[in-house]
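Computed from the coordinates by the stated procedures, all read-outs in this text should not be read as laboratory data. Remember, it's a predicted structure, so these values are computed and weren't measured experimentally. Cβ placement follows ideal geometry from the backbone for every residue including glycine, while neighbour counts extend to all protein chains displayed.
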Amino acid sequence: MKHIFFSVILFGAVFFKIDAFAQASGLSAKGKLYDTDKSLINAHGAGILYYNSTYYLFGEIKKGKTWRVPKQSWEDYRVPAGGISCYSSKDLRNWKYEGVALASVKGHPESDIDTGKVIERPKVIYNNKTRQFVMWMHVDAKDYSYSQSGVAVSKNPVGPYRYIGSVKPNGNMSRDMSLFKDNDGKAYLIYSSEQNNTMQICLLSNDYLHPTKTYSRILVNRRREAPALFKNGGKYYLITSDCSGWSPNAATYAVADNILGPYKEFGNPCKGPGANSTFQSQSTYVLPVKGKNNYLFMADRWNKIDLEKSDYLWLPLNVNNGKVEIKSIDAVN
């Protein structure tokens, strides 16, 4: 695939600090992202819905003081769960703040979406039959002992979304997750499971609101998280990261002829300086760019001791002869 070319810098100097990213001829950006009101975009672990010629960006709201959960074997840094934000764009450059798509609640510790819980990696798809927008997300306790997938719905892409509840798909824990709608209209949850030792893919019900009993275990004993699934040439490509807490590591990708697998693992798709840390980032989503036959690799650059200051890395993703390639931002400029 060729890079995506625009006649202007992606998002423009108005929306990214000039020193926060390298000016690109391809679709690429890194650093802090600003909306059309020149406010910082707060949408981490994000996904994008394309609907009616508009891109909708959904992500975690990271706001407030970062603290570390005690007595954990890893660096379990947290901020209060802030809910899910939404932004819209016609061109992937200019992002309008649409508000809080799913609000967290305060003082209700029994609720999945209380500020004392974890709300991560929201993804939204549209169900053509029910005419509902369906959001899935990872919901958890602060120590990751809950490990479930939560679901919410709305009649409007920007929300507000009504939270329905959460589930362990087929009794299995669900942590870092993604959501994929195939060409035939079927939808799937992809999530880290079994203490992150295995990835699972589960077919959703026709209304996209419930896991079915059709699921597969993939990447067994590989300890992968941060899944980002996309389709190219009839094959399914899954990018994941290693499990190293908030610290970046080398991504890998796997390929299958069937979405449920089996998947064949390949090496690191990243090329260039910083590839061994995914350019100091962690995968969250791969967006097929409408009308371009190209892909946008979306990742988070986490600031683990001050999560509110985490920012973003977006890069062109190319598939050449079945091989995935993500070049460093310096290489595409």
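For this structure, a couple of remarks:
- Our helix-only sum for the chain, with -39,500 (n - 2.57) per DSSP H run of n ≥ 4 divided by its residues, gives a mean residue ellipticity at 222 nm of 0 deg cm²/dmol.
- Prolate/oblate/rounded label for the stretch 68-168 (Cα gyration tensor, a/c 1.5): prolate
- Lysines with Cα under 19 Å of residue 142, excluding same-chain neighbours fewer than 8 positions away: 62, 63, 65, 71, 106, 117, 168, 304
- Scalar couplings 3J(HN,Hα) for the stretch 205-210, obtained by applying the Karplus form with A = 6.51, B = -1.76, C = 1.60 to θ = phi - 60°, are 5, 4, 8, 6, 9, 9 Hz; x denotes Gly and Pro.
- Spin-label pair residue 63-residue 235: with each label point 7 Å from Cα along the Cα-Cβ axis, the two points sit 4.3 nm from one another.
- Global form of the stretch 119-225, assessed from the alpha-carbon gyration tensor, a/c cut-off 1.5: oblate
- Mean Cβ neighbour count within 10 Å, used as a protection proxy, ranking 96-103, 108-115 highest first: 96-103, 108-115
- Only aspartates and glutamates eight or more places from residue 309 in sequence, or on another chain, were considered; those with a Cα closer than 18 Å are 19, 35, 60, 75, 76, 120, 300.
- Here's the list of aspartates and glutamates a cross-link from residue 235 could span, going by alpha-carbon distance under 17 Å and ignoring same-chain residues fewer than 8 apart: 182, 184, 257, 265, 325.
- Rounded if a/c under 1.5, otherwise prolate or oblate - the chain, Cα gyration tensor axes: rounded
- Using C-alpha pairs below 8 Å separated by at least 6 residues, the relative contact order for the stretch 138-280 is 13 percent.
- Spatial separation of Cα centroids for the stretch 80-132 and the stretch 275-330, in angstrom: 21 Å
- Here r is the Cβ-Cβ distance between residue 141 and residue 106 and R0 is 25 Å; the resulting FRET efficiency, rounded to 0.05, is 0.95.
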